[in-house]
Amino acid sequence: MKALRYKTLKEKIMNPSKNVCFLTLICLSCSLSQAQNIIPGFKGGLNVANISNLYGDNRISGHVGFFLHTSIAKQWAFQPEILYSGQGQRYWDRDVRFTWALNYITIPLMFQYYPARRFYVEAGPQLGILAAARNKGPNGYNADIKDGFHKTDATLNLGMGYYANRQVGFYLRYGLGLSDLTPDDNYSYANRVLQLGMELRLH
């Protein structure tokens, strides 16, 4: 009985997706309650994605969504986002190329530090919700493989950005997946995503 309780507790603690979801709620609640000036905006750009332990080529896709930007202290800001993000990877099977096309609704929670007025570095957790998963191949092959993947994904984001003026900015961000994508015990897969894009503040 003690061993079973310990195993259950360990699973709860070690589940990155659940921890990120809980952290999401805390950060949103705290930031919105303290925010004095919330600036909405839109962003989007290029994704260069791959999956750990799956050998092949990067999947080139994109991301688009909106954000809320707010200052929380001198030189510090908090920026929660909701994005639709294309991830996955191209791979080879018996000299035939396939693509794991994994599309997520992602919720990054980015803490930004401004060492200069227009330049920032950022870091923060991200919760991903799997919207679609397809295995694409030649001759129109397109199979639904969503049931073979976990429905949520946890990621750590690191990045930087620069605003050309008060409204238009450019950014580079890398997402390091923290959770296993599939329930298969024989392999461990995790998302890896490099994002390059532009963001537009509405005021």
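The values are calculated or read from the model by the stated rules, or taken from the named source; none is laboratory data. Note that the coordinates shown come from a computational prediction; the quantities given were computed from them, not determined experimentally. Ideal geometry is used to build each Cβ from the backbone, glycine not excepted, and the neighbour counts take in all protein chains shown.
Which of the residues that make up region 118-146 are surrounded by 17 or more Cβ atoms within 10 Å (Cβ to Cβ) and small (Gly, Ala, Ser)?
Gly124, Gly128, Ala133
Quick check on my filter: what residues within region 66-102 are within 14 Å of the chain's Cα centre (by Cα), surrounded by fewer than 17 Cβ atoms within 10 Å (Cβ to Cβ) and closer than 30 Å to Asn53 by Cα?
Answer for region 66-102, where residues must be within 14 Å of the chain's Cα centre (by Cα), surrounded by fewer than 17 Cβ atoms within 10 Å (Cβ to Cβ) and closer than 30 Å to Asn53 by Cα: Ile82, Tyr84.
Regarding region 119-140, can at least one residue be identified that is among the hydroxyl-bearing types (Ser, Thr, Tyr), more than 20 Å from Gly44 (Cα to Cα) and at pLDDT 95 or above?
no
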